[in-house]
1. Out of residues 5 or more away from GLY72 or on other chains, whose amide H comes under 5 Å of its own, with H placed 1.01 Å from N in the peptide plane?
2. For VAL41, list long-range residues whose amide hydrogen, built 1.01 Å from N in the peptide plane, is under 5 Å from its own amide hydrogen.
3. Which is farthest toward the positive dipole end of the stretch 12-160 among ALA120, THR24, LEU34, measuring Cα position about the Cα centre, with Cβ charges +1 (Lys, Arg) and -1 (Asp, Glu)?
4. So for the stretch 12-160, averaging the separation of alpha carbon pairs under 8 Å that are six or more residues apart and normalising by length, what relative contact order in percent results?
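Nothing in this text is a laboratory measurement; each read-out follows from the coordinates by a stated rule. Since the structure is predicted, the reported quantities are computational estimates derived from the model, not experimental observations. Positions of Cβ are backbone-derived with ideal geometry, glycine not excepted, and every protein chain shown enters the neighbour counts.
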Amino acid sequence: MFGAMEARYKLRIVLTATSSDSHTWNLVYLQLLLEEHGHEVINLGPCVPDDLLLHSVREHAPDAVVFSSVNGHGFLDGERAIRTLRSEPDGAFTPAVIGGKLGILGTAQHEAHSAMLVKAGFDAVFSDGALEPLISYLRDLSPVPAAASLHRSRRNAEVAA
Ligand code: B12
């Protein structure tokens, strides 16, 4: 379905569950998929508190953050988490996306949740089955838009220092 190793640039991706979500196989699946496409994945695992997410973004300076949620609270937890991330200099410009089963009514709520989550700060919101669009989106981050490029330059400068 997807051509493996098609990433033009290997992104460093922080993969995270939302704070209340204890499901893990979604994360395992996504990690394998992203790695298969050449990306480096830092998988924070299930039930990630907002402060741990912030700490991880500071520590790893990722090119993108991918949120996964399936327990039905993703639209609430995700909104709070992205507002927290966007309120901090380290997370203000990092491309961040979310997807999965974000509510409890399936696709019926997708548009409303998407609008809300984008307004709160997400760059993109993916429906449950939208794995191919996710891969395309990440591929298009390279060569990267200015904001992510700035973020990467900062990381490289820190590494070089
Ligand atoms: C196993 C399971 C559990 C296990 C999890 C164990 C573990 N270690 O993971 C346990 C028993 C703990 C559990 C608990 C609960 N669960 Co549960 N669980 C499941 C179950 C049966 C399978 C999930 C799974 O592993 N799937 C395999 C993975 C690989 O697939 P996936 O999760 O579907 O993920 C895919 C997509 O969602 C998508 N995706 C996910 N994230 C992202 C992100 C992006 C960016 C993109 C593009 C795509 C994407 O891609 C993934 C790979 O294909 C599902 C039902 C089902 N058949 O799917 C319910 C299900 C997810 N659970 C559900 C619920 C409600 C709960 C509980 C709230 C139940 C309760 N009342 O306590 C709790 C929540 C606990 C919590 N705090 O989060 C609901 C969620 C309902 C909704 N969102 O509409 C489901 C769908 C069952 C149902 N039909 O009602 N659960």
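1. Amide H neighbours of GLY72: none.
2. So VAL41 has HN proximity to ILE13.
3. ALA120
4. 23
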